[in-house]
Amino acid sequence: MQKALEESRYYGLESAANILKRTNIAWKEKISVKTGLAYFFIQCGWPVSFYFIYIYCSNILKNDFGLTPEQVIHHNLMVSLIDFLGFGIFTILSIKIYPLIILKLKASIVLFISLCFPYIMPFIKNSSELMMLQWVFIFFTLTYIPAGAILYNYFPVYKRFTFSSLTYATAQAIMYVTTAFGLVYLTESFGHYGLWFIMIPISLGFLWGVFHFENLEKQFADQPPRSDHPFSMKPLTSIE
């Protein structure tokens, strides 16, 4: 660090930055493939949830219950309010409840609903009953909120923003395209059971990702900070 400061006086900040890259251990840290994959699966959850709640169910409202486009928009507005309410409630609950436990609970409920959905649909006779199902699904929707800070903590500090942003964008792009085109053909061929081909693998992948980060928390909770690492710290939350 001292050498970098001296170099910056004569050759500018670019030279100092190059010296830091060569000598600072934080620059040399690599991202774990398994941790990156776990984060990717967690980010895959929301596009699938979005498609089911706002696209798939909207088609049911129009085709099966005869709602007009204006009525569907109003219906989805009521659903989105529960989405906003859920974010607020889970953010507050994370003060007292370990955030990764909240994610496991949400993913488990979504997986259960996905498994039961083909059997529930024959009993839904109107838009109000479908809205209640959407409310439950979107309240427990597959997102990394409120555990984002814990997930970011396990990426190297100098690569954290780039990697998390790129992974988020890649997961969103892949899953929006997959759900938008794949589920159309799957549901046409298998009916409501077609949702299983995407919903169940994504829910299981989401749960695996959460369990991976939970294991990282357990692994490093009792380890002291590394004295040779300028940005070392213990996990944000420990598990008893």
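Quick notes on this structure:
- A full extension of the chain between residue 68 and residue 176 corresponds to an added length of 36.4 nm, given 0.36 nm per residue minus the alpha carbon distance.
- Of the trypsin sites (Lys or Arg not before Pro) found in the stretch 81-175, the ones in coil according to DSSP and having at most 14 other Cβ atoms within 10 Å of their Cβ are 96, 125.
- Averaging 1/r across all pairs of distinct Cα atoms in the stretch 126-209 and inverting the result yields a Kirkwood radius of 15.3 Å.
- Exposure proxy order (Cβ contacts within 10 Å, fewest to most) of 100, 186, 93: 93, 186, 100
- Distance between modelled label sites at residue 32 and residue 211, nm, 7 Å Cα→Cβ extension: 1.5
- Over the stretch 46-220, the Kirkwood radius and the radius of gyration, each from Cα atoms, give a ratio Rg/Rh of 0.99.
- Rounded to the nearest 20 debye, the dipole magnitude of the stretch 46-220 is 460 debye, with +1 charges on Lys and Arg beta carbons, -1 on Asp and Glu beta carbons, and the Cα centre as origin.
Values in this text are rule-based calculations from the coordinates and carry no lab data. Just so it is clear, the model here is predicted, and its values are computed rather than measured. With ideal geometry, Cβ positions are generated from the backbone for all residues, glycine too; neighbour counts draw on all protein chains shown.
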